[in-house]
1. Looking only at residues in the range 574-620 that are farther than 21 Å from ILE520 by Cβ and modelled with pLDDT of 95 or more, which one is surrounded by the fewest Cβ atoms within 10 Å (Cβ to Cβ)?
2. What is the number of the single condition among (1) of a type outside the set (Gly, Ala, Ser); (2) over 23 Å from LEU283 (Cα atoms); (3) under 24 Å from the mean Cα position of the chain (by Cα); (4) not in a loop (DSSP other than H, G, I, E, B) that ILE82 does not meet?
3. Do we find that ALA43 is surrounded by fewer than 14 Cβ atoms within 10 Å (Cβ to Cβ) and either out of contact with any Cys (no Cβ under 7 Å at 6 or more places or on another chain) or touching a residue at least 12 places away in the same chain (Cβ under 8 Å) (or both) in this structure?
4. Spot the failing condition for THR370; the list is (1) under 21 Å from ASP20 (Cα atoms); (2) more than 13 Å from the ligand (Cβ to nearest atom), and only one is missed.
5. Any idea which of (1) under 17 Å from LEU328 (Cβ atoms); (2) in contact with a helix residue (DSSP H, G or I) (Cβ under 6 Å, 6 or more places away or on another chain); (3) surrounded by fewer than 20 Cβ atoms within 10 Å (Cβ to Cβ) is the one ASP369 doesn't satisfy?
6. Of the residues in the range 435-454, how many are under 22 Å from the mean Cα position of the chain (by Cα) and either within 15 Å of the ligand (Cβ to nearest atom) or closer than 19 Å to LEU6 by Cβ (or both)?
7. Where residues in the range 487-530 are in contact with a Phe, Trp or Tyr (Cβ under 9 Å, 6 or more places away or on another chain), assigned to a loop (DSSP other than H, G, I, E, B) and at positive phi, which of them is nearest to the ligand (Cβ to nearest atom)?
8. Select from the range 403-421 the residues that are more than 8 Å from the ligand (Cβ to nearest atom) and within 23 Å of PHE489 (Cα to Cα) and list them in ascending order.
Amino acid sequence: MTTETLYPVPAEWAARAKIDSAGYTRRTELAATDPDMFWRDEAQRLDWIAPFTRVKNTSFNESDFGIKWFEDGTLNVSANCIDRHAARNPAAIAILWEGDDPAESRAISYGELLEEVCRFANVLKGQGIAKGDRVTIYLPMIPEAAVAMLACARIGAIHSVVFGGFSPDSLASRIEDCDSKLVITADEGCRGGKRVTLKGNVDAALRHVHCAGVTSVIVVRRTGGAIAMQPDRDIWYHDAIAEAAVDCPPEPMNAEDPLFILYTSGSTGKPKGVLHTSGGYLLWAAMTHDYIFDYRPGEVFWCAADIGWVTGHTYIVYGALANGATTLMFEGIPNYPDFSRFWDIVDKHQVNIFYAAPTALRALMREGDTPVTRTSRASLRLLGSVGEPINPDAWEWYHRVVGERRCPIVDTWWQTETGGAMISPLPGATALKPGSASTPLFGVLPEIVDADGVVLDGAASGNLVIADSWPGQMRTIWNDHARFFQTYFTTYPGKYFTGDGCRRDPDGYYWITGRVDDVINVSGHRMGTAEVESALVAHGKVAEAAVVGMPHDIKGQGIYAFVTLNAHEVGDAALRAELVRWVRTEIGPIATPDAIQFAPALPKTRSGKIMRRILRKIAEGDFSSFGDTSTLADPGVVDVLVAGRADAV
Ligand code: PRX
């Protein structure tokens with residue numbers, strides 16, 4: 001029995017949507033019965049330089065493990081995202097940029113984008129960058145970020161975008177891991193009226209001995225703030241581009257040639273370099289953008305993510321531009337200059353489709369309806385959600401207040417690893433249930449398995465796996481193919497393990513319940529608890545640390561750290577503040593702990609393993625159900641921790 005509210009497909013959507021419910025069923029069946037025909041057909045949405053003959057060549061089994069799609073085809077991603085649209089309609093707007101300061105905006109046409117990308121691609125070539133080289137992009141949300149990504153794609157260089165909120169250390173480890181030759185940055189970024197150091201962070205990162213491979217740094221002048229330029233290494237973007245030739249033919253790339261690396265957190269070790277390739281990824285990005293957002297020519301599509309995360313890659317840049325869309329790029333934050341900012345932008349640029357993370361919606365919802373209702377929002381026709389489970393309250397508010405009950409909400413479940421959305425409503429086909437990502441896209445085969453890997457049918461709860469490959473799937477972890485196989489394909493042999501828990505209701509709707517591994521989701525950003533722990537223990541006064549997620553009204557999950565100090569150190573408010581600062585500098589502000597509890601000892605089994613289950617309960621403030629604690633070496637530890645919680649939060 002389902003008790004959830006059901007929002008049927010509005011009549012006007014059913015009448016004119018790209019995919020209605022019969023279309024959904026038909027495509028799902030075709031993708032299952034004749035995947036070759038289905039994907040061959042879908043792949044026609046891309047321009048191929050040399051057509052492929054083989055569609056799918058994949059196996060999740062150890063003996064013949066491998067993932068290849070369209071393996072003998074060649075194409076160029078930047079040509080698909082720019083040239084073909086510029087040829088048809090050069091004046092159409094590709095990127096609408098809205099600055100942090102509401103007085104600043106820019107519109108860049110497909111014709112202009114083509115010219116800028118070609119020039120910048122020539123700049124990269126002039127710096128010795130060739131096909132297969134890695135380029136790190138550490139930029140704020142400015143059009144040059146998209147230009148840099150597309151210029152790499154044009155010449156076959158592999159970009160690695162690092163979120164501008166990461167610290168010099170985090171940046172250095174990402175530069176080092178993929179052995180980048182070149183870094184693209186800006187003098188400073190602007191967010192919420194404040195300036196963010198970027199070039200200074202690059203300088204600090206490059207002082208790191210292992211970053212010696214970086215021979216040039218290209219700097220975009222964003223604020224004009226004072227920075228140091230190193231003459232033999234640093235180049236101003238605008239100077240270089242002014243001198244570069246405007247003609248740069250796109251490099252023919254094999255469908256399986258790498259397009260980008262994007263680092264993301266796992267449950268153990270350092271962040272992994274998720275690698276996506278050219279053909280399958282672009283097809284997935286374009287197809288999902290088209291069907292899920294029902295994109296129509298001339299419409300303004302706004303994905304309010306940062307380009308430093310996969311959502312920005314797939315929907316601000318690749319999916320939107322592959323479809324010839326006008327994509328809006330916003331430099332600032334939802335509450336600057338005030339809490340109406342998002343909706344003022346919607347009105348100013350006549351946004352039709354708006355896609356954001358629940359954490360931003362919850363923060364706005366807390367301010368009441370007036371900042372929303374004082375704006376028009378008449379241009380909006382579809383809303384989207386991504387990055388974390390959306391609680392039904394926030395969903396209802398989004399639907400009722402922001403969308404005035406007229407706009408369906410597409411709650412899209414996916415991951416850095418999946419390349420694009422996997423489970424999502426289609427607005428003309430799927431009745432909506434607040435809080436559920438609903439049903440899989442064509443060709444996506446989710447299964448729910450129990451701890452032993454037994455596939456559960458019908459209504460069930462368990463772990464979410466995907467039974468077979470899809471074109472947008474990541475192909476490897478940069479430099480660590482063994483870790484790729486080990487991380488995703490050994491827990492449930494023959495299947496891709498998502499790391500998420502999930503419930504399927506009797507109507508076949510999927511409800512993601514959150515991560516089942518040691519990854520937490522803070523404001524829609526993935527954070528490995530192990531990363532925060534290793535930052536904490538790097539502090540001279542810390543002996544040991546255990547980090548878990550705690551429920552947080554706005555962020556979804558907050559970071560709760562249990563810290564054991566070295567002998568004779570005193571855990572007081574000053575040290576707590578120092579450790580918070582320390583983690584921010586080690587990793588970046590997104591890893592700021594929300595609570596630090598000084599713990600004389602951690603709950604460990606006799607074999608020395610920390611029982612995180614107990615720590616999670618304490619962090620939640622739920623002291624009623626610790627379960628079996630008899631295997632603890634010292635069960636008394638639990639009472640001490642319960643008593644100490646009050647000081648931490
Ligand atoms: O736990 C799921 C959650 O975010 C994780 C993936 O994070 P990341 O790789 O950073 O990609 C985020 C943007 C796609 C997933 O394992 N997640 C993502 N979307 C949803 C979600 N949880 C529930 N509902 C969603 N719509």
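1. Among them, the one singled out is ALA574.
2. (2)
3. On the way: surrounded by fewer than 14 Cβ atoms within 10 Å (Cβ to Cβ): no; either out of contact with any Cys (no Cβ under 7 Å at 6 or more places or on another chain) or touching a residue at least 12 places away in the same chain (Cβ under 8 Å) (or both): yes.
So ALA43 does not fit the description; no.
4. (1)
5. (1)
6. We begin by selecting, within the range 435-454, every residue under 22 Å from the mean Cα position of the chain (by Cα); these are 435-446.
From what's left, either within 15 Å of the ligand (Cβ to nearest atom) or closer than 19 Å to LEU6 by Cβ (or both): 435-441, 444, 446.
Of the residues in that region, 9 qualify.
7. Per the stated criteria, the residue is GLY524.
8. Selection gives GLY419, GLY420.
The values are calculated or read from the model by the stated rules, or taken from the named source; none is laboratory data. These numbers were taken from a predicted model, which means no experiment stands behind them. A quick note on method: Cβ atoms are made from the backbone with ideal geometry, for glycine too, and the neighbour counts reach across all protein chains shown.
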